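The values are calculated or read from the model by the stated rules, or taken from the named source; none is laboratory data. The structure displayed is predicted, hence computed values, not measured ones. Methodologically, a virtual Cβ is constructed for each residue, glycine included, from the backbone with ideal geometry; neighbour enumeration extends over all protein chains shown.
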Amino acid sequence: MAQAETGAPPRQSHRFLWLYALAVAGGAVSYVPFLTLLLPVRVTDLAGNETITYLAYIAFAGAIAASIANIGFGWASDRTGTRVPWILGGLLLSCLLLVSVSEAQTPAHLIGLIVVWQLSLNMMLAPLTAWAGDVVPDAQKGLLGGLLAFAPAMGAAAGALVTIPGLADPDARLILVALLVAGMVLPVVLFGKPVPMPHLMRSGAELPGSRRTFRRGAVSRMWLARLLVQIAEAALFAYLLIWFVSIDDSFTDSDTARIFAVVLGLSVPLALLAGRWSDRRDRPILPLAIGAGIGTGGLLIMALAQDLAGAIAGYVVFGLSTGVFLALHSSQTLRVLPRPETRGRDLGLFNLTNTMPSLIMPWLTIMLVPLFGFAGLFVALAALAAIATALLVTMPSSN
């Protein structure tokens, strides 16, 4: 009532924002420990010497399934006009299928299970992502983006937790992951109780709390900018250890994991600060442009690095800046989508920027590294990040 009387824009409750961020982190927990740690062990048990080949098959088939499912279930939740039943259905099915991975007896059986698991997982993730667009006003999207930075860190932390020696055997680890996911996603469904925001469901309306709008073309710029940065991110995720070892052969996978953990942890407060600043100053795109620009610098530092200290410094600069970029981009994308009635489907199309880099990055690496070394790869990735920066800096707004 006070908001209506004073004309103040409606704001979403902090309870919902925090529980929603917890649920999104649960989404990360649902796939990060499994795909990076638990699945390779299972594939090794089943495929032996052909592990690398079957992991490649799984990655390709899983990426295609995830891309299609994210668009499809996003569209389905648009058509039904509700998100929660899809979230709950996807949560239940994906947890059951995750646990059933231990029953796979052949590599082909495992690939089939992973494809169906990806379909069910995105039945949960696509409506969950769109839900934020339905109930979080533009004036709080920076804060939302900062909170979303917790997701990658929680995914990595869950991987460390479930693999503690002696805590659980391989089959029990799958059950533990499923329980963690349910425990993180269910609270927002049961207790989130978001403040209704009917104005966020109207196309072309003058939206309370939405001070800055964007012209035609903003969606394509946001999509392409994220894709370019994600290609660089995917390349570093896949080849960082190999590059570090090429500089210092005493460097281990444990050392790399610690660096990842530090970068992910530090990116959370940075994203929160940047998100709150963007809300207060009504500058939603500027932190994205700065993040992509600093990421470009980090890649150039890596290209010029001659020793391990320089290499680590360059990666820390890149990792922190792009961590902030990706978290805030996820929330500010909701601001530029033009049609609330197709929000879930459109976010599914944006999700292609998360899956396509895994298909593009290996070929880019194969073309560049044999001829120019990792320095050449990093220069090329820096050029992509610089293009992303230019796209964002020159994005036209209508006010």
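Among the residues of the range 270-278, is any among the basic types (Lys, Arg), without any contact (Cβ under 8 Å) to a residue 40 or more places away in the chain and part of a helix (DSSP H, G or I)? Lay out the reasoning, then the answer.
Within the range 270-278, the subset among the basic types (Lys, Arg) is 276.
Filter once more, keeping what is without any contact (Cβ under 8 Å) to a residue 40 or more places away in the chain: none.
No; the residues of the range 270-278 include none that is among the basic types (Lys, Arg), without any contact (Cβ under 8 Å) to a residue 40 or more places away in the chain and part of a helix (DSSP H, G or I).
Quick one: would you say Leu46 is modelled with pLDDT of 85 or more and buried (at least 19 other Cβ atoms within 10 Å of the Cβ)? Here the answer is no, as Leu46 does not meet what is asked. Is there a residue in the range 241-252 that is in a helix (DSSP H, G or I), over 27 Å from Pro370 (Cβ atoms) and either modelled with pLDDT of 90 or more or not assigned by TED's automatic domain parsing to the domain that holds Ala126 (or both)? No - not one qualifying residue is present in the range 241-252.
The set of residues in the range 129-138 that are under 16 Å from Val195 (Cα atoms) and of a type outside the set (Phe, Trp, Tyr) comprises Ala130, Ala132, Gly133, Asp134, Val135, Val136, Pro137, Asp138.
The number of residues in the range 260-279 being crowded, with 18+ Cβ neighbours inside 10 Å and of a type in the set (D, E, K, R) comes to 1.
How many residues does the range 264-302 hold that are among the small types (Gly, Ala, Ser) and touching a Pro at 6+ places or on another chain (Cβ under 6 Å)?
Step one: of the range 264-302, the residues among the small types (Gly, Ala, Ser) are 265, 267, 271, 274-275, 278, 289, 291-293, 295, 297-298.
Of the ones still in play, those that are also touching a Pro at 6+ places or on another chain (Cβ under 6 Å) are 274, 278.
Residues flagged as among the small types (Gly, Ala, Ser) and touching a Pro at 6+ places or on another chain (Cβ under 6 Å) within the range 264-302 amount to 2.
Output the qualifying pairs, or none if there are none: Cβ atoms under 9 angstrom, residues six or more apart or on different chains, first residue in the range 216-239 and in a loop (DSSP other than H, G, I, E, B), second residue surrounded by fewer than 22 Cβ atoms within 10 Å (Cβ to Cβ) and modelled with pLDDT of 85 or more. What qualifies is Gly217/Met395. Just one of the numbered conditions (1) surrounded by 15 or more Cβ atoms within 10 Å (Cβ to Cβ); (2) at pLDDT below 90; (3) not in a loop (DSSP other than H, G, I, E, B) is not true of Leu207: (3).
Is it the case that the range 337-346 has a residue that's among the aliphatic types (A, V, I, L, M) and either assigned to a helix (DSSP H, G or I) or out of contact with any Lys or Arg (no Cβ under 8 Å at 6 or more places or on another chain) (or both)? Scanning the range 337-346 turns up no residue that is among the aliphatic types (A, V, I, L, M) and either assigned to a helix (DSSP H, G or I) or out of contact with any Lys or Arg (no Cβ under 8 Å at 6 or more places or on another chain) (or both). Scanning the range 77-124 for residues that are more than 21 Å from the chain's Cα centre (by Cα), surrounded by 19 or more Cβ atoms within 10 Å (Cβ to Cβ) and not hydrophobic (A, V, I, L, M, F, W, C) gives Asp78, Pro107. For Met184, the requirement of being within 25 Å of Pro10 (Cα to Cα) and not hydroxyl-bearing (Ser, Thr, Tyr) is not met. For beta carbons closer than 6 Å, sequence separation of 6+ or different chains, a first residue in the range 359-373 that is surrounded by 14 or more Cβ atoms within 10 Å (Cβ to Cβ) and a second that is at pLDDT 85 or above, the qualifying pairs are Ile360/Ile231; Met361/Ile231; Met361/Ala234; Met361/Ala235; Leu368/Gly376; Leu368/Leu377; Leu368/Ala380; Val369/Leu377. Could you please find all residues in the range 46-76 being free of Cβ contacts under 8 Å to residues at least 40 places away in the same chain and either under 12 Å from Leu110 (Cβ atoms) or more than 24 Å from the chain's Cα centre (by Cα) (or both)? Within the range 46-76, Gly48, Asn49, Thr51, Ile52, Thr53, Leu55 qualify.
Restricted to the range 297-311, and to residues there that are surrounded by 19 or more Cβ atoms within 10 Å (Cβ to Cβ) and touching a residue at least 40 places away in the same chain (Cβ under 8 Å), the residue that is farthest from Ala234 (Cα to Cα) is Ala305.
If you check Pro137 against the conditions, is it in contact with a helix residue (DSSP H, G or I) (Cβ under 9 Å, 6 or more places away or on another chain) and over 25 Å from Ile64 (Cα atoms)?
Working: in contact with a helix residue (DSSP H, G or I) (Cβ under 9 Å, 6 or more places away or on another chain): yes; over 25 Å from Ile64 (Cα atoms): yes.
So Pro137 passes the test.
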